[in-house]
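Undergrad: What follows is a structure written as structure tokens; I'll ask about it next.
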Amino acid sequence: MAGGRIAHSFGVVRNPLKETLMDATINRSVDVSENRPRPGLALVLAVLSIPGSTLVWDLDVPVPGFWIGGPLGVAAIILALRARREPIGKAGRGMALAALILAGLALGQMAIVTIVSLAS
């Protein structure tokens, strides 16, 4: 053959092009989400969970507070906990703490009202 080399060994044949492509693609993760703490959004969701868990009990849905206020309270708690883990300023930590307290109170109130209504 003109200009080519033929390997006569029975060992592993290495393909440099394949190794380059594999090295470039293995363990490369793409992070498309923002990892910014959102204490303001957590506080807004916590404030919305209060009327969402108290004012909707007249709807014709079984336990309506759990359908409206419950998801808002859980989302507020998750965002507030994420915000408290990240390094943010005093105002952000205060908003996250307020969101935790308000959402916890809203969820606790829903649990108490549900238990009392089931008992009576």
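Undergrad: Filter the stretch 102-113 down to the residues that are in contact (Cβ under 8 Å) with a residue 40 or more places away in the chain and over 11 Å from ILE50 (Cβ atoms) and list them by number.
TA: Result: VAL113, single match.
Undergrad: While we're on this one: Just name the residue that is farthest from ILE115 (Cα to Cα) out of those in the stretch 73-91 that are of a type in the set (Gly, Ala, Ser) and surrounded by 19 or more Cβ atoms within 10 Å (Cβ to Cβ). Show your work before the answer.
TA: Looking only at the stretch 73-91, we keep the residues that are of a type in the set (Gly, Ala, Ser), and these are 73, 75-76, 80, 83, 89, 91.
From the residues that got through so far, the ones that are surrounded by 19 or more Cβ atoms within 10 Å (Cβ to Cβ) too are 73, 76, 80, 83.
On the way: GLY73: 18, ALA76: 23, ALA80: 27, ALA83: 32 Å.
Among residues in the stretch 73-91 that are of a type in the set (Gly, Ala, Ser) and surrounded by 19 or more Cβ atoms within 10 Å (Cβ to Cβ), the one farthest from ILE115 (Cα to Cα) is ALA83.
Undergrad: Looking at the stretch 66-90 only, could you name the residues that are free of Cβ contacts under 8 Å to residues at least 40 places away in the same chain and of a type in the set (A, V, I, L, M, F, W, C)?
TA: TRP67, ILE68, LEU72, VAL74, ALA75, ALA76, ILE77, ILE78, LEU81
Undergrad: Is at least one residue of the stretch 53-72 hydrophobic (A, V, I, L, M, F, W, C), surrounded by 10 or more Cβ atoms within 10 Å (Cβ to Cβ) and modelled with pLDDT of 90 or more? Can you show your working first?
TA: Within the stretch 53-72, the subset hydrophobic (A, V, I, L, M, F, W, C) is 55-57, 59, 61, 63, 66-68, 72.
Add one more test, that the residue is surrounded by 10 or more Cβ atoms within 10 Å (Cβ to Cβ), and what stays is 55-57, 59, 61, 63, 66-68, 72.
Among the residues that remain, those that are also modelled with pLDDT of 90 or more are: 72.
For the stretch 53-72, residues hydrophobic (A, V, I, L, M, F, W, C), surrounded by 10 or more Cβ atoms within 10 Å (Cβ to Cβ) and modelled with pLDDT of 90 or more: present.
The values are calculated or read from the model by the stated rules, or taken from the named source; none is laboratory data. What you see is a predicted model; the values in this text were computed from it and never measured. All Cβ positions, glycine included, derive from the backbone under ideal geometry; neighbour counts span all protein chains shown.
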